[in-house]
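Enquirer: The structure under discussion is supplied below as structure tokens; questions concerning it will follow.
FYI, it's all coordinate maths here, none of it is from the lab. Computed from a predicted model, the values in this text were never measured in an experiment. In this analysis, Cβ positions are derived from the backbone assuming ideal geometry, glycine residues included, and neighbour counts consider all displayed protein chains.
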Amino acid sequence: MKKIICPFCFHKFRKADVWFRCDNNSCSHKSEDKALNDFWGQNQQRKNLAFKPEGFSLFGSESAKCPKCKTSTLKVICPECHNSLFKDMIDEDSTIISIIGGQSSGKTNYITVLIQELLNRCYTFDAAITEITACGDVYDANTGKAYNTAHRYREDFYNQLYNQKVCHAATRRDAFSNRIPLIYRLVIGKHKKSVFLVFYDTAGENFHTADEIRKNAEFLKNSAGIIFLLDTFGIDDVNKKLGNISNKSYRYIFDPVVNYMQNNMSSAEQNEFKKKPLALAFSKIDTILNDKNYDIPGINMQTNSSFLSDEKISLNDLYAMHIGLNDTLRGKWDEKMFLKNIKTNLGEKVCFFGFSALGEMPNIDGSIKNVKPYRVLDPLVWILHELGYPIPLKKEKTMKKDIKV
């Protein structure tokens with residue numbers, strides 16, 4: 001039986017091992033929850049009783065009775081960290097797709113725009129989206145605020161970029177709220193298959209120590225699909241032509257994570273990881289495509305994702321971008337060793353993407369007149385296809401997308 005994955009601590013457990021929390025406000029048994037407090041590193045206010053029910057069935061949608069007040073509850077929690085979970089994560093397959101990105105990759109802007117595009121446009125690939133507030137509020141003792149997905153996205157992401165028209169600065173490494181994931185549920189196709197999107201906006205420099213890399217590697221290892229953001233300005237050839245505006249190679253984050261996973265996973269785990277779809281997405285691609293010195297076959301700023309107008313997914317449209325970037329990495333950008341490492345260590349289920357969250361370079365002060373997303377949904381749509389979700393495909397003879405070194 002497939003195991004459930006907690007989107008907070010990434011602990012895997014069987015449905016039979018799920019815990020519950022009493023949700024009767026009149027229940028007299030409130031106390032500090034040590035597991036929950038230990039996970040967050042601060043008190044999460046007094047909580048109703050957390051308990052493992054006796055004789056809980058592996059099947060169905062059973063509730064459980066609080067052993068103190070005998071009231072039935074449907075509030076499920078992770079048996080490890082005691083964070084509240086969305087009940088459908090227990091009743092359905094708990095597939096998680098995650099995003100990771102290094103310093104300067106524009107991850108916060110990407111997450112902001114990707115979520116907004118999903119909220120506005122996911123119908124184009126026959127999906128509906130829900131913000132998961134049922135995972136419960138996370139309390140920040142430092143600010144006195146309680147966060148959930150809807151509140152946090154609006155306050156920490158949407159308002160700054162879409163209302164204030166200011167790009168997000170580098171994510172603060174020590175901000176408590178950055179540990180709180182944004183969790184969304186996509187329901188796809190007429191059979192209503194669900195997938196859960198978990199977005200962590202961790203600081204890009206959180207890759208300095210082995211412990212930090214380990215946490216990020218666990219995050220990736222337990223995800224069904226991964227969008228790995230890479231800073232196009234971190235490519236040596238691009239950086240030189242732009243006047244050395246970046247001091248970090250795009251491999252500054254990528255290589256340590258891959259090396260850690262290769263050295264700390266068993267052969268079986270490595271083989272399992274290679275089966276996962278990995279979208280390697282180069283950010284800020286608009287700067288390159290608007291430069292007359294660059295011509296990447298299969299991608300241009302005049303042609304956005306074809307499914308935004310056709311309402312059918314063309315795999316050839318996505319693969320043309322992959323092939324064009326592969327050829328450019330192999331040729332003009334002289335990144336053959338990068339391609340070799342991918343082919344050797346990550347297997348064949350890899351696809352390159354180029355996107356722009358903003359659509360244009362912001363002003364020096366970080367302000368931007370209009371947000372014009374370019375191909376931000378492509379990596380996610382491809383991963384959904386690779387995972388077998390019923391997205392609407394255009395009938396066509398699909399081209400090959402091998403990585404050529």
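Enquirer: Charges on Cβ only, +1 for Lys and Arg, -1 for Asp and Glu, centred on the Cα centroid of segment 4-91; of 49, 74, 27, which one is farthest towards the dipole's positive end?
Expert: About the Cα centre, the residue reaching furthest to the positive side is 27.
Enquirer: Further question: So what are the ³J(HN,Hα) numbers for segment 40-47, from phi and the Karplus equation (6.51, -1.76, 1.60; θ = phi - 60°), rounded to whole Hz, Gly and Pro as x?
Expert: Here the 3J(HN,Hα) series is 8, x, 6, 5, 9, 6, 5, 10 Hz.
Enquirer: Turning to a different aspect of this structure: State the Cα centre-to-centre distance between segment 267-336 and segment 343-405 in whole Å.
Expert: Distance between centres, Cα-based: 6 Å.
Enquirer: Still on this structure, please answer the following. Could you work out the relative contact order of segment 96-386? I mean the mean sequence separation of Cα pairs under 8 Å and 6+ apart, divided by the number of residues, in percent.
Expert: Averaging sequence separation for qualifying contacts and normalising by length gives 23 percent for segment 96-386.
Enquirer: Could you list the residues of segment 10-34 with an amide nitrogen less than 17 Å from a label point located 7 Å from the Cα of residue 63 in the Cα-to-C-beta direction?
Expert: Within reach of a label on residue 63, which here means backbone N under 17 Å from a point 7 Å along Cα→Cβ, segment 10-34 contributes 19-28.
Enquirer: If you don't mind, another one. What do you get for Rg/Rh of segment 96-386 when both radii come from the Cα atoms and Rh is the Kirkwood radius?
Expert: Radius of gyration over Kirkwood radius for segment 96-386 works out to 0.94.
Enquirer: Amide H neighbours of residue 230 under 5 Å, counting only residues 5+ apart in sequence or on other chains, H built in-plane at 1.01 Å?
Expert: 281, 282, 283
Enquirer: Counting Lys +1, Arg +1, Asp -1, Glu -1, what net charge surrounds residue 335 among other residues with beta carbon under 14 Å of its beta carbon?
Expert: +2
Enquirer: Work out the count of Lys pairs in segment 297-405 where the Cα-Cα distance is under 13 Å, with the pair 8 or more places apart or on different chains.
Expert: Pairs that pass both the separation and distance tests number 8.
Enquirer: Please state the shape class of segment 4-91: rounded when a/c is under 1.5, otherwise prolate if a/b exceeds b/c and oblate if not, all from the C-alpha gyration tensor.
Expert: Verdict is oblate for segment 4-91.
Enquirer: A further question on this structure: With each label point set 7 Å from Cα along the Cα-Cβ vector, what nm distance links residue 72 and residue 367?
Expert: It works out to 5.8 nm between the two label points.
Enquirer: If I model a spin label at residue 120 and residue 14 as a point 7 Å from the Cα along the Cα→Cβ vector, what separation in nanometres do I get?
Expert: In this crude label model, residue 120 to residue 14 measures out at 4.7 nm.
Enquirer: Can you work out ³J(HN,Hα) from phi for every residue in segment 66-80, in order, using Karplus 6.51 cos²θ - 1.76 cosθ + 1.60 and θ = phi - 60°, giving whole Hz and x for Gly and Pro?
Expert: Coupling constants for segment 66-80: 4, x, 9, 9, 6, 8, 6, 9, 10, 7, 9, 9, 5, x, 8 Hz.
Enquirer: Let me ask something else about it. How many nm is it between the label spots at residue 145 and residue 396, if each spot is 7 Å from the Cα in line with the beta carbon?
Expert: Label at residue 145, label at residue 396, 4.3 nm between them.
Enquirer: Report the gain in length on full extension from residue 263 to residue 32: 0.36 nm times residue separation, minus Cα-Cα distance, nm rounded to one decimal.
Expert: 79.3 nm
Enquirer: Determine the alpha carbon to alpha carbon distance for each of 192/284; 3/274; 12/68 and list only those over 22 Å.
Expert: The pairs that break the limit, which is 22 Å between Cα atoms, are 192/284; 12/68.
Enquirer: Separate question: Can you give me the long-range amide H partners of residue 11? Hydrogens built in the peptide plane at 1.01 Å from N, cutoff under 5 Å, separation of 5 or more residues or another chain.
Expert: So residue 11 has HN proximity to 6.
Enquirer: While we're looking at this one, here's another question. Can you list residues whose amide H is under 5 Å from residue 19's amide H, if they're 5+ apart or on another chain and H is modeled 1.01 Å from N?
Expert: 77
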